[in-house]
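**Q** The structure's right below; bear with me while I get my questions together.
A short reminder: the numbers here are calculations on the coordinates, not readings from a lab. What you see is a predicted model, and the numbers here were worked out from it, not measured in a lab. Reconstructed Cβ throughout: ideal geometry from the backbone, glycine too, with neighbour counts over all protein chains shown.
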Amino acid sequence: MNLCRGIQSSRLTKYRLCAGNAQAFSKNSILIISTTKLSSLKLDNLCRFMHRKHNMRINDLIKPISDIYEDYLHDESHVVGTADSISFPRSEAELAEILAAESLRGRRITIQGGRTGISAAAVPHCGHIINMSRMDRITGMRMDGTCTCIGGSAGMHMDGSADMRTEASVRFHIRLQPGVTLAQLNSCLSQKCFDTSGWDTDSLTVYAAFCTAPEQFFAPDPTEASAAFGGMAACGASGARTYRYGSVREHISALRIMLRDGRTLNLRRGENFAHQRLLKMRTDDGSDIELTLPSYNMPKVKNAAGYYIADGMDAIDLFIGSDGTLGIICEMEIAILKRPPNICYSMCFFSDEPERTSEEKALAFVSRVRADMDCIAAIEYFDARSLEILRSKAAAGALADMPALPEDYHAAVCLELHNECSEDETAQLLNAGDCMESAGGDPEDVWIASTPSAETRLKLLRHTIPESVNEIIGLRKKTDASISKIASDMAAPDGYLTALMYMYRSSLAASGLDCAVWGHIGDNHLHVNILPRNADEFTEGKRLLKEWAEKVRSMGGTVSAEHGIGRLKTEYLTIMYGEKHIREMSAMKRVFDPDGSLGAGVMFAASDPEILQTADGGA
């Protein structure tokens with residue numbers, strides 16, 4: 001017998017609505033009423049009883065901030081914020097209850113995942129933190145047999161550039177919650193071992209096919225393995241392999257979103273498109289959302305700055321890269337690919353000569369391999385200062401398994417090569433040697449890594465450089481606490497790489513600032529890390545970053561290629577798009593979040609930025 005059926009009081013209906021999500025609450029109501037002698041309670045007492053029970057549950061979910069939650073006030077940007085409370089939902093129902101409670105309290109909400117971002121999007125701006133790390137289950141799997149285009153649908157990258165590489169094979173899609181980390185997924189993929197408890201019959205059937213299929217991998221390969229997939233989607237993350245496979249965006253096939261008011265959206269790629277700049281969506285409760293998209297045109301480069309906007313765009317792309325400002329990702333589906341049988345790395349070093357610097361040779365080499373080699377998954381660059389940092393770490397015994405790095409190596413380009421067989425691999429390595437020679441390098445100045453252990457050691461070098469830079473800044477902060485690292489995340493279109501590097505080098509030389517440059521040179525995307533020694537150098541570095549943003553915009557580039565805008569780069573987003581388009585973005589956000597409480601201060605400048613205290617900022 002349904003004991004709720006006979007209760008029709010408008011007061012109870014009003015309570016349910018003001019308490020928040022009606023569906024989640026009604027389930028609790030049935031439990032409460034069914035264990036109570038209804039005939040002995042007046043309706044008012046019943047409402048008070050239910051209200052107390054509901055408050056007890058909310059108090060279990062929402063915890064006041066205390067010392068034990070101190071780590072949740074910052075992310076890898078080392079910016080420290082403030083918050084009143086925090087919650088760790090384990091289910092969509094709990095998330096709905098938390099949102100409803102916070103709506104009544106009128107507080108700002110910051111969404112967190114693994115807190116590995118470096119633009120401070122996950123740093124709270126007072127109010128409440130919703131940390132999604134405990135929604136960490138892989139919930140299912142499906143497959144299709146369509147022709148998969150690498151780097152975007154219909155032979156196009158998401159930025160509009162053409163890419164005709166395709167793989168005609170079965171493609172698996174994995175359904176997971178936002179707290180699942182890249183390391184967690186990679187472990188399951190490499191071992192072909194998933195926890196399938198709770199999976200539906202169709203998923204189990206696909207899982208059986210997956211277990212007998214060739215090894216699979218998540219192609220974009222973001223740098224930080226502890227990153228959560230919800231965060232990767234929220235910031236539009238990329239990785240070294242974005243050069244070949246595109247960003248995380250291209251590999252997301254479905255999203256389930258909870259809006260600020262508790263309504264949910266199910267979005268599957270290829271099912272809902274805008275008509276020019278008019279986009280319509282329908283929530284799961286049948287209500288319609290209609291919005292006019294901003295009028296700006298995105299740069300045709302690797303880009304993570306602002307909302308993804310394009311004529312006729314897929315609705316799913318609006319939420320990818322939105323930095324947690326439009327809705328909360330409850331579940332997502334990602335596509336995986338067959339792992340190439342032969343993966344190897346070629347670290348190519350260059351030396352200075354009187355007539356040509358090592359960096360000039362490296363730029364010529366990059367231009368040549370981009371034109372002549374079609375098996376490259378990633379092209380990474382390391383400048384002289386970066387190599388100097390590695391030598392210092394090796395001298396301190398931190399890189400014991402690595403060969404000695406000769407003093408005359410002043411620049412390096414690392415190629416990641418994906419091939420179907422060892423014969424192809426050999427041919428491509430010889431091709432890379434020819435490219436080195438034509439660029440003025442010596443084909444003998446190369447390290448090759450073709451085993452998993454060698455790959456791990458080579459990747460350690462890439463991680464060691466930013467870690468060491470942070471250590472340098474940490475030491476310098478002891479003499480001047482006002483300074484922090486200043487880092488660029490800009491990218492320019494093809495054809496502007498040399499101009500981009502000249503812009504960096506000429507202004508840095510004029511200022512005398514200490515810096516290290518590394519990054520995804522194949523995408524014309526370099527991380528210039530300025531290491532100030534004092535407050536004056538910090539001020540000069542900030543001035544240079546603003547100057548670079550304006551120049552990169554004039555090239556048709558972006559102020560953020562992979563890290564997102566977060567809280568730290570709102571000024572640069574305005575430089576990139578202008579005040580008019582910022583207002584358009586803000587107006588669109590209000591359609592989903594009328595009071596602006598979701599991710600307040602992320603992407604658009606907060607009204608009270610003094611709440612944030614920079615402890616050791618950077619990007």
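**Q** ³J(HN,Hα) across the range 489-499 via Karplus (A = 6.51, B = -1.76, C = 1.60, θ = phi - 60°), whole Hz, x for Gly/Pro?
**A** Each residue's phi maps through the Karplus curve to give 9, 8, 9, 10, x, 3, x, 10, 4, 4, 5 Hz.
**Q** With the cut-off at 30 Å, tell me which of the pairs Lys477/Lys589; Lys302/Lys485; Lys302/Lys589 have Cα atoms farther apart than that.
**A** Details: Lys477/Lys589 38 Å; Lys302/Lys485 23 Å; Lys302/Lys589 23 Å.
Check vs 30 Å cut-off fails for Lys477/Lys589.
**Q** If you don't mind, there's one more thing I want to ask. For the range 335-417, rounded, prolate or oblate, judged on the Cα gyration tensor with a ≥ b ≥ c (square roots of eigenvalues), a/c < 1.5 rounded, else prolate if a/b > b/c? Spell out each step's value before the answer.
**A** Working: a/c = 2.91, a/b = 1.27, b/c = 2.30.
In terms of gyration-tensor shape, oblate.
**Q** With the Cα gyration tensor of the range 241-379 in hand, give its eigenvalues times 5 under a square root as the equivalent ellipsoid semi-axes, listed largest first in whole angstrom.
**A** Values: eigenvalues 330, 66, 32 Å².
Computed over the range 241-379, the values are 41, 18, 13 Å.
**Q** If you don't mind, there's one more thing I want to ask. Spin-label point model (7 Å from Cα, Cβ direction): what's the Glu407 to Ala395 distance in nm?
**A** Here the answer is 1.0 nm between the modelled labels.
**Q** Now a separate question. Among 131-144, 452-465, how do they line up from the highest to the lowest mean number of other beta-carbon atoms within 10 Å? Walk me through the numbers before you get to the answer.
**A** Numbers: 131-144: 19.6, 452-465: 15.6.
Ranking the peptides 131-144, 452-465 by packing returns 131-144, 452-465.
**Q** If you average the alpha carbon positions of the range 518-595 and of the range 492-513, how far apart do those two centres end up, in angstrom?
**A** About 16 Å separates the Cα centre of the range 518-595 from the one of the range 492-513.
**Q** Under the Karplus relation 6.51 cos²θ - 1.76 cosθ + 1.60, θ = phi - 60°, what is the ordered set of whole-Hz ³J(HN,Hα) values for the range 416-424, x standing for Gly and Pro?
**A** 9, 10, 10, 9, 8, 8, 5, 5, 5
**Q** So what is log10(I(q)/I(0)) for the range 59-118 at q = 0.12, 0.25 1/Å, when the Debye sum runs over its Cα atoms only?
**A** For the range 59-118 at q = 0.12, 0.25 Å⁻¹, log10 I(q)/I(0) is -0.31, -1.18.
**Q** Another question, then. Give the aspartates and glutamates reachable from Lys478 as a straight Cα distance under 19 Å; neighbours fewer than 8 places away on the same chain don't count.
**A** Once the sequence-local aspartates and glutamates are set aside, what remains near Lys478 is Glu467, Asp514, Asp536, Glu537, Asp616.
**Q** Follow-up. State the volume of the convex hull built on the alpha-carbon positions of the range 390-549, expressed per residue in Å³ and rounded to an integer.
**A** Values: hull volume 22.7 nm³, N = 160.
It comes to 142 Å³ per residue, whole-number rounded.
**Q** If you count, for each residue, the other Cβ atoms within 10 Å and average over each peptide, how do 222-230, 194-202, 423-431, 550-558 line up from highest to lowest?
**A** On the way: 222-230: 22.1, 194-202: 12.3, 423-431: 15.9, 550-558: 19.2.
Ranked from most to least packed, the peptides come out as 222-230, 550-558, 423-431, 194-202.
**Q** Then there's this: When a/c reaches 1.5 or more, the comparison of a/b and b/c decides; with that in mind, is the range 263-343 rounded, prolate or oblate per its Cα gyration tensor?
**A** Numbers: a/c = 1.99, a/b = 1.33, b/c = 1.50.
Oblate is the answer for the range 263-343, as a/c is 1.5 or above yet b/c matches or exceeds a/b.
**Q** For the range 100-109, take each phi angle, set θ = phi - 60°, evaluate the Karplus expression 6.51 cos²θ - 1.76 cosθ + 1.60, and give the result in whole Hz per residue in order, putting x for glycine and proline.
**A** My calculation for the range 100-109 gives 4, 5, 6, 5, 5, 7, x, 9, 5, 10 Hz in order.
**Q** Suppose R0 equals 56 Å; then what is the FRET efficiency for Arg583 and Arg505 from their Cβ-Cβ distance, rounded to the nearest 0.05? Intermediate values should be presented prior to the final figure.
**A** On the way: r = 36 Å, r/R0 = 0.65.
Efficiency, rounded to the nearest 0.05: 0.95.
**Q** Which value, in debye to the nearest 20, describes the size of the charge dipole of the range 209-354 about its Cα centre when Lys and Arg Cβ atoms bear +1, Asp and Glu Cβ atoms bear -1, and nothing else is charged? Don't skip to the answer; put the middle values down first.
**A** On the way: 15 positive and 18 negative charges, 47 e Å.
Using only the charged Cβ atoms, the result is roughly 220 debye.
**Q** Let me ask something additional. Any idea which of Gly599, Cys515, Trp548 is furthest toward the positive side of the dipole for the range 513-607, if Lys and Arg beta-carbons carry +1 and Asp and Glu beta-carbons -1?
**A** Gly599
**Q** Here's something else I'd like to know. Please name which of Ala481, Asn470, Thr456 has its Cα lying farthest along the dipole of the range 445-495 towards the positive end, using unit charges on Cβ (Lys, Arg +1; Asp, Glu -1) and the Cα centre as origin.
**A** Ala481
**Q** Distance check, please: which entries in Lys338/Lys459; Lys338/Lys361; Lys546/Lys580; Lys300/Lys569; Lys300/Lys546; Lys459/Lys546 exceed 24 angstrom between their Cα atoms?
**A** Numbers: Lys338/Lys459 21 Å; Lys338/Lys361 35 Å; Lys546/Lys580 19 Å; Lys300/Lys569 20 Å; Lys300/Lys546 21 Å; Lys459/Lys546 31 Å.
Listed pairs above 24 Å: Lys338/Lys361; Lys459/Lys546.
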